[in-house]
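Working notes, beginning with the structure itself.
The values are calculated or read from the model by the stated rules, or taken from the named source; none is laboratory data. Note that the structure is predicted; figures quoted are calculated from it, not measured. Methodologically, a virtual Cβ is constructed for each residue, glycine included, from the backbone with ideal geometry; neighbour enumeration extends over all protein chains shown.
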Amino acid sequence: MNKTSRSGGDMPVEEFRRVGHEAIEWVANYLEDPGKHPVLANCRPGELQSRLPSRGPRTGESMDVILHDFEESILPAVTHWNHPRFHGYFSISSSGPGILGELLTATLDVNAMLWKSCPAATELEQTTVAWMLDWLDLPAEWFGMILDSASSGVLHALVAARQRTEPQSRSAGASGPLVAYVSEHTHSSVEKAAIAVGLGQSNVRHIAVDARFRMRTDELARAIRSDLSQDLRPFFAVATVGTTSTTAVDPVEEIGSLCREYGLWLHVDGAYGGSFGIVPECRHILNGVDQADSFVVNPHKMMMVPLDCSLLYTCHPGQLRSAFALGAEYLKTDAANAVDYMDYGLVLGRRFRALKLWFVMRYFGLDGLVALLRDVLRMAAWLGEQIAADARFELVERGAMGLICFRLHRGDAATKQLMSRINGSGRFFVSHTVVGGRFTIRVAIGNIRTQQSNVEELWAFMAEAAGSCRQSRASMRH
Ligand SMILES: Cc1ncc(COP(=O)(O)O)c(C=O)c1O
C-alpha cells in the first residue's frame with residue numbers, strides 16, 4: 001500500500017519501530033563504507049527538482065515508498081561529505097555518537113530558549129561549553145553559548161561590540177561610521193555580518209597579509225590611525241586562527257595589543273582551526289586568545305559533531321544581553337539566577353545542540369579526539385612531504401591543520417587541469433583557492449573515515465596526472 005489516508009495522530013509507534021530499525025540499519029551500512037558512493041553528486045543543476053513532483057502530496061504516503069525514493073532520487077544528488085576521499089573545502093564529518101545525539105535531539109524536540117523551557121538543554125549547554133574551554137585551556141570564566149554557525153557567532157560579536165561602543169545604538173541606531181578590520185584572508189562571514197547589522201560594507205577594512213597570509217599588524221595600526229584621523233570610529237577587529245584559504249594563523253597577541261591600545265573589540269575566529277588547540281603540540285595557535293573579547297570554535301568542523309554546532313564565547317555577556325534581551329511578558333519566568341539563552345542572541349527557538357556535543361565529547365574523550373586530530377596531522381604531513389619532494393609541484397601550505405595547498409609550477413591553467421582530472425575521476429573531491437593571485441588546489445584532510453591508504457591513492461593519482469597537465473597556448477601568451 002503506497003497511499004495512506006491519515007485521520008490524525010503521529011506515525012503509530014509500531015510502524016516507527018519497524019521503519020526506525022530499517023533506517024538505523026541503512027545508516028550503519030552507509031557508515032560502514034561511504035566510500036562506495038561517488039564522492040561528488042552526479043547531476044546537473046535543476047535535474048533533481050525536475051524529477052520531483054511540483055506539488056506536495058494530497059494524501060500521505062508510506063515510509064517504505066519515501067525511503068525507496070530517498071535512495072533512488074535523493075542519494076544520487078548527494079555530495080558525500082562523509083566519504084573518506086572527500087577533501088574539498090574543509091573535510092568535516094559526522095561521527096556515530098554525534099548522529100545518535102541528533103536522533104535524540106529530534107525526538108525530544110525541546111526549545112532551549114529559556115532555562116524553564118528545558119532546564120536540561122540550558123544546563124548541558126553551560127556544561128559542554130565549559131568543558132570545551134577547559135580542553136582548549138582558555139579562561140574558565142568566559143560565557144559560552146552554542147549557535148548554528150560561526151557566521152552567526154561573528155554577527156553576535158559585532159552587535160555586542162557595537163553595544164559596548166555606542167550603548168544608544170540599540171534604540172537609536174549607530175551615530176557615526178563605525179569601522180571594522182579584517183585581513184584579506186578573513187572569512188567572508190564577517191563582511192556579511194557587517195552588511196546585516198548595517199555597518200556598511202565600505203566600513204570593513206581588508207588589511208594586507210604577509211608572505212604566510214597572516215594579517216600585517218603594521219598595516220592594521222596604520223589603518224586604525226588613518227581612520228581615527230578622519231573622525232571615524234574603529235571598534236572591531238577579527239584575528240583568525242586557521243584561515244579558510246590556507247589555515248594561516250594571524251598574530252593574535254599583537255592584534256590584541258593594538259585592540260587594547262585603541263579600544264577595539266577583538267573577535268577571534270577559530271571556526272576551523274580552534275579545535276586543534278586541544279592537541280598539546282598545537283596549543284600555541286591559541287596564544288593570545290585569552291585576551292580576546294569573543295571567540296568562535298566550530299565542533300561541527302574538526303570535532304566530529306554533525307552540523308550544526310558552533311560555540312561562541314565572550315568575556316562580556318552583559319553586552320550581548322544589553323543588545324538582545326527583550327522581555328516579552330509571555331516569556332517571563334520565575335527561575336531566578338538561571339541563564340535564559342534567548343536573552344543573549346538573535347533567535348528565540350534554539351535547538352538542543354549540546355546533546356550531540358556531549359555525546360561526542362564523552363564517547364571519544366579528550367584523548368580520543370586528540371588521537372583523531374593527530375592522525376589527520378600525520379596524514380597531511382605525509383602528503384605535504386610527497387608534494388614538496390616533487391619538483392613539478394609548488395607547496396604553499398604543508399598541512400599544519402590538515403590542509404595542504406599546492407599548485408603546479410607550470411602555471412594556473414595546468415593546475416586547473418590537474419584539479420579537474422582529480423575531481424573528474426569520481427574518486428576524489430578537492431577544491432581550490434586563489435592566493436597571491438595564483439590558482440591553488442586545496443586538499444583538506446580531516447574526515448574521520450579517511451585512512452592513510454586513501455591519501456596514498458590520491459597522491460598516486462595526482463603524481464600520475466600531473467605529468468600530462470600543460471599550460472594552454474592561450475594562457476602562455478598572457
Ligand atoms: C575560518 C572560518 N570562519 C568562518 C567560517 C564560517 O563558518 P560557518 O559555516 O559555521 O558559518 C568558515 C567556514 O568554513 C571558516 O573557514
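Annotations
- Condition check for Ile207: over 28 Å from Glu125 (Cα atoms) and either more than 15 Å from the ligand (Cβ to nearest atom) or at pLDDT below 95 (or both): yes
- Residue in region 414-428 that is touching a Lys or Arg at 6+ places or on another chain (Cβ under 9 Å), under 18 Å from Gln452 (Cα atoms) and surrounded by fewer than 19 Cβ atoms within 10 Å (Cβ to Cβ) present: yes
- Residue check, Ala474 modelled with pLDDT under 95 and either within 26 Å of the chain's Cα centre (by Cα) or part of a helix (DSSP H, G or I) (or both): yes
- Options Val360, Val376, Val347: the member that is within 20 Å of the chain's Cα centre (by Cα) and surrounded by fewer than 18 Cβ atoms within 10 Å (Cβ to Cβ): Val347
Yes/no per residue for (1) farther than 11 Å from Gly153 by Cβ; (2) charged (D, E, K, R); (3) touching a Lys or Arg at 6+ places or on another chain (Cβ under 7 Å):
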position	(1), (2), (3)
Arg283	yes, yes, no
Leu286	yes, no, no
Leu311	no, no, no
Cys315	yes, no, no
Ala325	yes, no, no
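Matching residues to (1) of a type outside the set (A, V, I, L, M, F, W, C); (2) more than 16 Å from the ligand (Cβ to nearest atom):
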position	(1), (2)
Ser183	yes, no
Lys192	yes, no
Ser202	yes, yes
Met215	no, no
Glu219	yes, yes
Ile224	no, yes
Asp231	yes, yes
Val268	no, no
Gly274	yes, no
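- Among the residues of region 52-88, the ones that are in contact with a strand residue (DSSP E or B) (Cβ under 8 Å, 6 or more places away or on another chain), crowded, with 17+ Cβ neighbours inside 10 Å and either over 20 Å from Ala28 (Cβ atoms) or touching a residue at least 60 places away in the same chain (Cβ under 8 Å) (or both) come to 5 in all.
- Restricting region 123-156 to residues that are aliphatic (A, V, I, L, M) and over 19 Å from the mean Cα position of the chain (by Cα), the residue that is surrounded by the fewest Cβ atoms within 10 Å (Cβ to Cβ) is Ala140.
- The single condition among (1) within 16 Å of the ligand (Cβ to nearest atom); (2) farther than 26 Å from Gly368 by Cα that Tyr262 does not meet is (1).
- Those strands (runs of 3 or more DSSP E) lying entirely in region 242-332 with at least 3 residues crowded, with 18+ Cβ neighbours inside 10 Å, on the phi < 0 side of the Ramachandran plot and among the hydrophobic types (A, V, I, L, M, F, W, C): 265-270, 294-297
- Test: Gly35 is of a type outside the set (A, V, I, L, M, F, W, C), touching a residue at least 40 places away in the same chain (Cβ under 8 Å), surrounded by 18 or more Cβ atoms within 10 Å (Cβ to Cβ) and in contact with a Lys or Arg (Cβ under 8 Å, 6 or more places away or on another chain): yes
- When restricted to residues that are away from the ligand (no atom under 16 Å from the Cβ), acidic (Asp, Glu) and in contact (Cβ under 8 Å) with a residue 12 or more places away in the chain, region 287-333 contains 2.
- Candidates Leu104, Leu100, filtered to the one that is closer than 22 Å to Pro12 by Cα, in contact with a Phe, Trp or Tyr (Cβ under 7 Å, 6 or more places away or on another chain) and part of a helix (DSSP H, G or I): Leu100
- For region 429-471, residues that are modelled with pLDDT under 95, in a loop (DSSP other than H, G, I, E, B) and surrounded by fewer than 17 Cβ atoms within 10 Å (Cβ to Cβ) total 5.
- The set of residues from region 75-105 being within 16 Å of the ligand (Cβ to nearest atom), hydroxyl-bearing (Ser, Thr, Tyr) and on the phi < 0 side of the Ramachandran plot comprises Thr79, Ser91, Ser93, Ser94.
- Among all positions in region 200-211, there is no residue which is buried (at least 20 other Cβ atoms within 10 Å of the Cβ) and touching a residue at least 40 places away in the same chain (Cβ under 8 Å).
- Out of Val241, Val197, sole residue that is closer than 27 Å to Phe90 by Cβ, at pLDDT 95 or above and within 16 Å of the ligand (Cβ to nearest atom): Val241
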